[in-house]
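Visitor: One structure, as structure tokens, below. Some questions next.
Bear in mind these aren't lab numbers, they're just calculated from the coordinates by the rules spelled out. Since the structure is predicted, the reported quantities are computational estimates derived from the model, not experimental observations. Methodologically, a virtual Cβ is constructed for each residue, glycine included, from the backbone with ideal geometry; neighbour enumeration extends over all protein chains shown.
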Amino acid sequence: MRLDKLPQEFKTALPVLNQIQAAGYEAYFVGGSVRDSLLKRPIHDVDIATSATPIEIKEIFSRTVDIGIEHGTILVLQGDIGLEVTTFRTESDYQDFRHPSEVTFVRQLSEDLRRRDFTINALAMTSKGEIIDHFDGISDLKQQIIRAVGNPYERFSEDALRILRAFRFASVLGFSIDLETIAGINATKALLANISIERIEMEFTKLLVGDFRQVALREMLRLSIDEQFPVDLRAGLIQLEKVSDKLNLETAWTLLVYFNHFDEEMTKKVLKIFKHSNHFVKKIATLLAGLNIRLLDNWNIDRIYQYGLEDSLQIESILKILGFENNFEIIHEIYNKLPIYTKRDLKINGSDLLKLANGKQGKWIGTLINQIENQVLHGELANEKAILLDYASLQINNKLMID
Ligand code: ATP
Ligand code: MG
């Protein structure tokens, strides 16, 4: 690749490469960034591989962070960007199939490239833009093939996560998996059951949002890879495989739990097993609940108020993907006319009520606020402080509220 044509991400990182070389070590761009720039795809993160050990890297640069020193990775800070610099290494033993049990630093680039998963991921690039390709990765890039580096059976036995990574790259890039690689996957797939769910989730997430999810899922299901998942998602995956729309992660998971007929409780349980964040779990449970309600009935003021604009639109878009009649305008129409969007928009609050009741605390405060909220929402009370105070004192004086 011509140096002046290099994507900006590499140009920014070039001084780091040059500085390592000036100190007498080798350094290269490696992995995904090289692959993606050759494919003219946007680059995520630029990774650098070097013959220098982590300690040697820390001697070269004044600002570094030890982000994975035991794996040989140091973050080098340059201005406001950080670059991951990793020492050439081999992974000698994958005893528990979870973590490389031992990382050995080596001085040869070729050793480092050999331990990478697929030929398209085993490319390196020099500071001059020359590509180093020991495993015919460029040819596989051109033919759009995902091929294990070396003996597929051994490579998947070393680290079974690579099985899922093959489908992840198939989904993201639209490449097909080489036949021998498929055979290796088929022979080792049971080992995927030993892989930590955190690592599985990271790859599965990328697979779900890939542009070529359908083909990747089809192949994955054909080989029954999903049988190794900690939860049986097969029924849902079979349905999801038929969906052609591009999906974001939230939509993909909502569809997956919906297709599996999981209820809210089961949905939460499954997402937790997949180690999703509480925020994500809540979001999917909300979208699923909203979807189920919407399938029975149309939007109304209460539902739009409850779900808010963003979730309502997202629920409607899922409905559309499912092929049901949908109407986005009605959501905007109702939303734009809402007198309040949250409780906080009410011109009266709990402490106002407390004052009216001369400080008498109790559950009645929440109950009355909810009642006022509902009436304001439906236009039965105007959201004006004087009006709401009047209404509240009436309720209090009539002892309707205070027990
Ligand atoms: P992305 O653009 O999604 O980040 P990537 O190719 O950079 O794709 P990463 O998971 O970030 O993928 O890994 C970076 C590189 O490290 C890969 O390109 C590959 O060379 C190597 N690699 C990552 N995971 C493995 C693995 N389990 N076995 C072998 N090599 C791996
Ligand atoms: Mg990466």
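Visitor: Could you name the lysines in cross-link range of K142, using Cα to Cα under 27 Å and dropping any fewer than eight places away on the same chain?
Guide: Within reach: K5, K11, K40, K128, K206, K246.
Visitor: What is the set of long-range amide H partners of L123 at a cut-off below 5 Å, with H atoms built 1.01 Å from backbone N?
Guide: Residues meeting the criterion, in which the H sits 1.01 Å from N, are G31.
Visitor: What number, rounded to the nearest 500 deg cm²/dmol, is the helix-based mean residue ellipticity at 222 nm of the chain, given -39500 (n - 2.57) per DSSP H run of at least four residues and division by all its residues?
Guide: -15500 deg cm²/dmol
Visitor: Let me ask you something else. Say R0 is 30 Å: what FRET efficiency, to the nearest 0.05, do S196 and K11 get from their beta-carbon distance?
Guide: 0.25
Visitor: Tell me, in nm to one decimal, what length is gained between Q239 and D302 on full extension, where the rule is 0.36 nm per residue of separation less the Cα-Cα distance?
Guide: Gain on stretching Q239 to D302: 19.5 nm.
Visitor: Remind me, relative contact order of the chain in percent, using alpha carbon pairs under 8 angstrom and six or more residues apart?
Guide: That works out to 8 percent.
Visitor: Could you tell me the relative contact order of the stretch 242-338? Use alpha-carbon pairs under 8 Å, at least six residues apart, and round to a whole percent.
Guide: Taking the mean separation of contacting Cα pairs over the length of the stretch 242-338, I get 27 percent.
Visitor: Work from the charge dipole of the chain (Cβ charges, +1 for Lys and Arg, -1 for Asp and Glu, about the Cα centre) and give the residue of S51, A357, Q228 farthest towards its positive end.
Guide: Projecting each Cα onto the dipole axis, the largest value belongs to A357.
Visitor: What ³J(HN,Hα) values, in whole Hz, does the Karplus curve 6.51 cos²θ - 1.76 cosθ + 1.60 give for the stretch 230-240 when θ = phi - 60°, with x put for Gly and Pro?
Guide: Those phi angles translate into x, 10, 7, 10, 4, 4, x, 5, 4, 5, 4 Hz.
Visitor: Which cross-chain or sequence-distant (5 or more) residues have an amide H under 5 Å from the amide H of D47, H modelled 1.01 Å from N in plane?
Guide: V30, S33
Visitor: To continue, here is another question. Figure the gain on full extension for R114 and K320 (residue separation times 0.36 nm, minus the Cα-Cα span) and round it to one decimal in nm.
Guide: Gain in length upon complete extension: 69.5 nm.
Visitor: Same structure again: Name the residue from I74, F167, T254 whose Cα lies farthest towards the positive end of the charge dipole of the chain, charges +1 on Cβ of Lys and Arg and -1 on Cβ of Asp and Glu.
Guide: T254
Visitor: Based on Cβ point charges of +1 for Lys and Arg and -1 for Asp and Glu, what charge dipole magnitude is obtained for the stretch 267-322 about its Cα centre, in debye rounded to the nearest 20?
Guide: Computed about the Cα centre, the dipole is about 440 debye.
Visitor: Let me ask something additional. For each of T254, T53, count neighbouring Cβ atoms within 10 Å of the residue's Cβ, then give the residues from fewest to most.
Guide: By the 10 Å Cβ count, ascending: T53, T254.
Visitor: Mind sorting T267, T286 by how few other Cβ atoms lie within 10 Å of their own Cβ, fewest first?
Guide: T286, T267
Visitor: Please compute the length gained on full extension between E264 and D352, using 0.36 nm multiplied by the number of residues separating them and subtracting their Cα-Cα distance.
Guide: The E264-D352 span can extend by a further 28.0 nm.
Visitor: Mind checking the dipole of the chain: about its Cα centre, +1 per Lys or Arg Cβ, -1 per Asp or Glu Cβ, Debye to the nearest 20?
Guide: The calculation lands at about 520 debye.
Visitor: Right, something else. Under 15 Å Cα to Cα from K347, which aspartates and glutamates show up? Leave out anything in the same chain fewer than 8 places away.
Guide: Hits, sequence-local ones excluded: E373, E380, E384, D390.
Visitor: Could you tally the net charge around T254, taking each other residue with its Cβ under 11 Å from the Cβ of T254, Lys/Arg +1 and Asp/Glu -1?
Guide: Spelling it out: positives minus negatives among the neighbours equals -1.
Visitor: Put +1 on the Cβ of each Lys and Arg and -1 on the Cβ of each Asp and Glu in the stretch 144-230; which of I177, F156, T188 then has its Cα farthest toward the positive end of the dipole?
Guide: It is I177, whose Cα lies furthest towards the positive end.
Visitor: Under the rule that an exposed site lies in a DSSP loop and has at most 14 other Cβ atoms within 10 Å, name the longest stretch of the chain with no GluC sites (Glu not before Pro) of that kind, not counting the sites themselves.
Guide: The answer is 131-324.
Visitor: Can you classify the chain as rounded, prolate or oblate using the Cα gyration tensor, where a ≥ b ≥ c are the square roots of its eigenvalues, rounded means a/c under 1.5, and otherwise it's prolate if a/b beats b/c and oblate if not?
Guide: Prolate shape, in that a/c is at least 1.5 and a/b is the bigger ratio.
Visitor: Can you grab the distance from the C-alpha centre of the stretch 105-147 to the C-alpha centre of the stretch 320-341, Å, no decimals?
Guide: The distance from the Cα centre of the stretch 105-147 to that of the stretch 320-341 comes to 50 Å.
Visitor: Same structure, new question: Give me the distance in nm between label points sitting 7 Å out from Cα along the Cα-to-Cβ direction at F328 and S224, one decimal.
Guide: Between F328 and S224, the simple spin-label model gives 4.2 nm.
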